[in-house]
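Before any comments, here is the structure.
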Protein chains: 2
Amino acid sequence: LDSAAATAAQARQDVLTKPQGALGRLETLSVQIAGITGQTRPRLNNPAVIVMAADHGVARRGVSAYPSEVTSQMVLNFLNGGAAINVLARHIGARVIVVDIGVAANLPSHSELIDRKLGMGTADFSVEPAMSRAQAQQAVEIGIACAYDAIASGVDLLATGDMGIGNTTASSAVVAAITGRPVAEVTGRGAGIDDAGLARKIAVIEQALALHHPDPRDALDVLTKVGGFEIGGLAGVILGAAARRVPVVIDGFISGAAALIACTLAPSAQPFLIAALRSVERGHDAVFAHLDLTPLFDLGMRLGEGTGAVLGMSLCQAACKILDEMATFGEAGVSGKVEG
Amino acid sequence: LDSAAATAAQARQDVLTKPQGALGRLETLSVQIAGITGQTRPRLNNPAVIVMAADHGVARRGVSAYPSEVTSQMVLNFLNGGAAINVLARHIGARVIVVDIGVAANLPSHSELIDRKLGMGTADFSVEPAMSRAQAQQAVEIGIACAYDAIASGVDLLATGDMGIGNTTASSAVVAAITGRPVAEVTGRGAGIDDAGLARKIAVIEQALALHHPDPRDALDVLTKVGGFEIGGLAGVILGAAARRVPVVIDGFISGAAALIACTLAPSAQPFLIAALRSVERGHDAVFAHLDLTPLFDLGMRLGEGTGAVLGMSLCQAACKILDEMATFGEAGVSGKVEG
């Protein structure tokens with residue numbers, strides 16, 4: 001981070017017409033964004049959420065409440081503007097960038113769909129690695145390129161979003177592998193599986209980790225053996241944003257798994273991350289603990305798609321506007337604190 | 001609440017293209033707003049925050065970190081658009097309606113300032129009642145009229161905001177009187193008073209309650225003896241919004257004290273209230289417990305002015321857009337849950 005810009009931002013926050021610190025996280029967020037961007041009064045006018053979609057071979061093990069075809073159906077819903085992420089992105093004025101990085105269906109070409117398909121979904125990691133190491137590296141590189149392209153087109157604030165039936169299973173496997181926590185502690189109900197399904201999901205992940213022994217210090221190994229194409233892609237988005245000094249707002253549990261991959265590959269990316277929401281999905285707190293992040297809010301959400309992250313982007317914009325637009329005590333002729 | 005509209009809204013939420021309940025508070029909020037407005041797909045296009053400003057005689061007892069003249073100085077800052085509430089209201093597209101209901105200074109006339117001054121601040125309630133009972137009733141009536149005027153001009157979503165040096169002291173006194181909690185449990189540092197000041201503040205409130213014996217079942221008695229003009233005015237705003245079936249988003253601790261006054265006067269107003277934020281100010285949780293409200297978020301804020309409430313209004317709008325704009329499973333051709 002640019003400590004000079006952050007220090008200047010903090011100094012300005014301290015003379016704006018409010019008690020010091022009275023806007024809480026909005027103030028610290030503005031200082032972090034100053035440090036990220038290197039600007040003392042950053043303006044974030046052009047937010048975008050990158051939604052990476054892919055399928056998961058492990059979904060055939062009965063680990064999700066929804067069938068795999070929902071992934072491609074929801075991609076079409078994104079392109080038609082009818083999904084939650086479209087509604088919330090319109091609400092805050094953000095672009096939605098949809099990337100097919102491995103959906104198990106031939107999608108129609110569409111001006112708003114970026115085709116970077118790495119395969120027709122991953123392999124079933126309960127019997128073989130989810131992907132090849134080359135594919136894992138490509139997934140991350142695709143994400144970096146998508147972030148760079150968005151930034152080159154003028155985007156100055158990024159968020160991560162995901163779509164992929166089965167991807168909480170892959171994410172829990174990634175989180176267990178990297179944090180070392182027990183699988184049952186980081187595995188939840190995803191889109192709403194019942195008790196029997198949850199027990200099956202935990203068993204499938206435990207068996208996969210026992211079978212593949214992913215190396216927690218080698219993020220590409222983890223991604224190869226138990227990850228997902230969209231998880232790798234979102235890790236790349238995070239790394240690309242950090243490399244370009246653009247703040248990146250992390251969505252829920254799947255994006256959290258991607259953040260673990262990103263920060264294992266490049267620990268210096270961590271200060272560029274802004275965690276939006278605490279998800280209902282069990283295991284999200286393990287991500288925050290490992291990455292030393294504190295989410296902005298908890299609205300009981302567990303949808304993914306970037307829905308929490310776009311609300312977080314609006315708070316980032318609000319924080320920067322406070323820093324930039326408020327009057328100082330001097331400018332407004334307001335008396336300061338009484339010294340006791 | 002209109003239970004038919006709320007039931008219809010819930011039924012629609014359950015067929016939108018997401019797992020049921022996956023948007024958490026955004027879903028329940030949309031159902032509440034349907035019940036408030038009586039519309040199955042409410043649209044909230046015209047939000048406004050009413051900021052009531054007044055001074056407090058008790059401020060001369062050294063209970064605040066800032067001098068009383070800051071109240072009038074900040075009103076001018078509001079009118080010039082330089083305060084935090086202006087910035088955040090612009091961010092979400094809300095009007096700021098500023099009401100002088102008892103500032104202890106002659107303010108210049110201004111097209112954006114509503115002059116309803118009930119006095120040059122309240123009396124010092126450590127030695128006499130803060131106001132007459134007639135003034136207390138007038139304060140509430142002024143608030144009701146301000147809400148009605150805003151709604152008549154097209155406002156369909158209201159928020160409460162406050163400005164008044166010394167008003168956390170009055171609010172703590174109101175909260176202690178109505179909830180019966182010990183003063184020390186509901187009294188905090190306000191704009192940032194030090195340890196000695198906090199001890200003084202608690203002692204002043206305890207003495208005032210012992211002197212006046214406000215009747216906790218008679219909200220006007222509480223307001224008369226230890227309240228504030230803006231607290232009464234905001235109670236009126238809440239009652240006026242509820243009477244017109246307009247959702248009203250409650251800001252921090254001072255607005256919480258106003259909500260206690262409003263709901264003691266008219267318990268049926270409670271379902272129309274939406275608590276935006278958990279404030280840092282000690283005592284806010286006592287308000288939530290008494291009114292059975294759960295705030296939407298906790299961003300470590302403690303400024304007042306309506307700053308938390310306007311962020312809450314944006315979430316109300318987001319919730320209603322989700323309900324109104326998302327595609328259903330049928331419309332989008334998305335497969336439903338697998339039945340196990």
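When residues of segment B:29-43 are filtered for being within 13 Å of another protein chain (Cβ to nearest Cβ) and surrounded by 22 or more Cβ atoms within 10 Å (Cβ to Cβ), how many remain? Let's see the steps before the verdict.
Let us first name the residues in segment B:29-43 that are within 13 Å of another protein chain (Cβ to nearest Cβ), namely B:29-30, B:41, B:43.
When the remaining residues are screened for being surrounded by 22 or more Cβ atoms within 10 Å (Cβ to Cβ), the result is B:29-30.
Here the count works out to 2.
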Subject >> Counted residues, segment A:45-82 - those being at negative phi, within 11 Å of chain B (Cβ to nearest Cβ) and not β-branched (V, I, T) >> reply: 16
**OP:** Given the conditions (1) in contact with a Ser or Thr (Cβ under 7 Å, 6 or more places away or on another chain); (2) open to solvent by 10 Å² or more (accessible area, probe 1.4 Å); (3) acidic (D, E), report the number of the one that A:E325 does not fulfil.
**Re:** (1)
Original post:
Within segment A:181-197, which residues are of a type outside the set (D, E, K, R) and under 19 Å from A:G252 (Cα atoms)?
Top reply: A:V183, A:A184, A:V186, A:T187, A:G188, A:G190, A:A191, A:G192, A:I193
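Just give me the residues in segment A:315-335 being among the hydroxyl-bearing types (S, T, Y) and at the interface with another protein chain (Cβ under 7 Å from one of its Cβ atoms), in sequence order. Lay out the reasoning, then the answer.
Taking segment A:315-335 first, the residues among the hydroxyl-bearing types (S, T, Y) are A:328, A:335.
A:S335, the sole residue that qualifies.
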Original post:
Can you tell me which of A:A258, A:A262, A:A269 is under 8 Å from the mean Cα position of the chain (by Cα), among the aliphatic types (A, V, I, L, M) and more than 23 Å from A:L26 (Cβ to Cβ)?
Top reply: A:A258
Subject >> Exclusive hit being at pLDDT below 95 and either facing chain A (nearest Cβ under 8 Å) or not in a loop (DSSP other than H, G, I, E, B) (or both), set B:V310, B:V280, B:V287, B:V338 >> reply: B:V338
Original post:
Given the conditions (1) surrounded by 20 or more Cβ atoms within 10 Å (Cβ to Cβ); (2) under 28 Å from A:G336 (Cα atoms), which single one is not true for B:I142?
Top reply: (2)
Original post:
In the set B:P271, B:P295, B:P267, which member is within 20 Å of B:G143 (Cβ to Cβ) and free of Cβ contacts under 8 Å to residues at least 24 places away in the same chain?
Top reply: B:P267
Original post:
Has segment A:263-272 got any residue that is within 14 Å of another protein chain (Cβ to nearest Cβ), open to solvent by less than 10 Å² (accessible area, probe 1.4 Å), part of a helix (DSSP H, G or I) and not polar (S, T, N, Q)?
Top reply: no
**OP:** Would you confirm whether any residue within segment A:124-131 is without any contact (Cβ under 8 Å) to a residue 24 or more places away in the chain and within 10 Å of another protein chain (Cβ to nearest Cβ)?
**Re:** no
Original post:
If you check A:L303, A:L260, which single one turns out to be in contact with a helix residue (DSSP H, G or I) (Cβ under 8 Å, 6 or more places away or on another chain) and either among the charged types (D, E, K, R) or away from chain B (no Cβ under 13 Å) (or both)?
Top reply: A:L260
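Looking at B:V338, is it in contact with a Gly (Cβ under 6 Å, 6 or more places away or on another chain) and β-branched (V, I, T)?
no
Every residue in segment A:298-313 that is open to solvent by less than 20 Å² (accessible area, probe 1.4 Å) and not charged (D, E, K, R), please.
Residues satisfying the conditions are A:L299, A:M301, A:G304, A:G306, A:T307, A:G308, A:A309, A:V310, A:L311, A:G312, A:M313.
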Original post:
Going by the structure shown, is A:V87 in contact with a helix residue (DSSP H, G or I) (Cβ under 6 Å, 6 or more places away or on another chain), assigned to a helix (DSSP H, G or I), assigned by TED's automatic domain parsing to the domain that holds A:V246 and among the β-branched types (V, I, T)?
Top reply: yes
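Take segment A:193-213 and flag every residue that is part of a loop (DSSP other than H, G, I, E, B) and open to solvent by 20 Å² or more (accessible area, probe 1.4 Å).
If we filter segment A:193-213 for residues that are part of a loop (DSSP other than H, G, I, E, B), which is where we start, we get A:193-194, A:213.
Scanning segment A:193-213 gives A:D194, A:H213.
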**OP:** Kindly indicate the residue of segment B:5-28 that is in contact (Cβ under 8 Å) with a residue 12 or more places away in the chain and more than 19 Å from A:G304 (Cα to Cα) and also most open to solvent (accessible area, probe 1.4 Å) among those meeting that condition.
**Re:** B:Q10
Original post:
All but one of (1) part of a loop (DSSP other than H, G, I, E, B); (2) away from chain B (no Cβ under 13 Å); (3) crowded, with 24+ Cβ neighbours inside 10 Å hold for A:D100; which doesn't?
Top reply: (1)
Original post:
Can you name every residue in segment B:32-44 that is touching a residue at least 60 places away in the same chain (Cβ under 8 Å) and on the phi < 0 side of the Ramachandran plot?
Top reply: B:Q32, B:I33, B:A34, B:G35, B:I36, B:T37, B:R41, B:P42, B:R43, B:L44
Original post:
Among the residues of segment B:56-67, which ones are closer than 21 Å to B:S132 by Cβ and of a type in the set (G, A, S)?
Top reply: B:G57, B:A59
Original post:
Within segment A:157-183, which residues are open to solvent by 40 Å² or more (accessible area, probe 1.4 Å) and on the phi < 0 side of the Ramachandran plot?
Top reply: A:R181, A:P182
**OP:** Out of the residues in segment B:105-145 that are of a type in the set (S, T, Y) and closer than 14 Å to B:A170 by Cβ, state the one that is nearest to the chain's Cα centre (by Cα).
**Re:** B:T122
**OP:** Name the residue, out of A:L296, A:L303, that is closer than 21 Å to B:L23 by Cα, more than 13 Å from the chain's Cα centre (by Cα) and assigned by TED's automatic domain parsing to the domain that holds A:L158.
**Re:** A:L296
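The values are calculated or read from the model by the stated rules, or taken from the named source; none is laboratory data. Predicted model, so just to flag it, every value in this text is computed and none were measured. FYI the Cβ positions are ideal-geometry reconstructions off the backbone, even for glycines, and counts take in every protein chain you see. Ligands, DNA and RNA are excluded from the accessible area calculation, which covers all protein heavy atoms including side chains. Shrake-Rupley method; radii C 1.70, N 1.55, O 1.52, S 1.80 Å.
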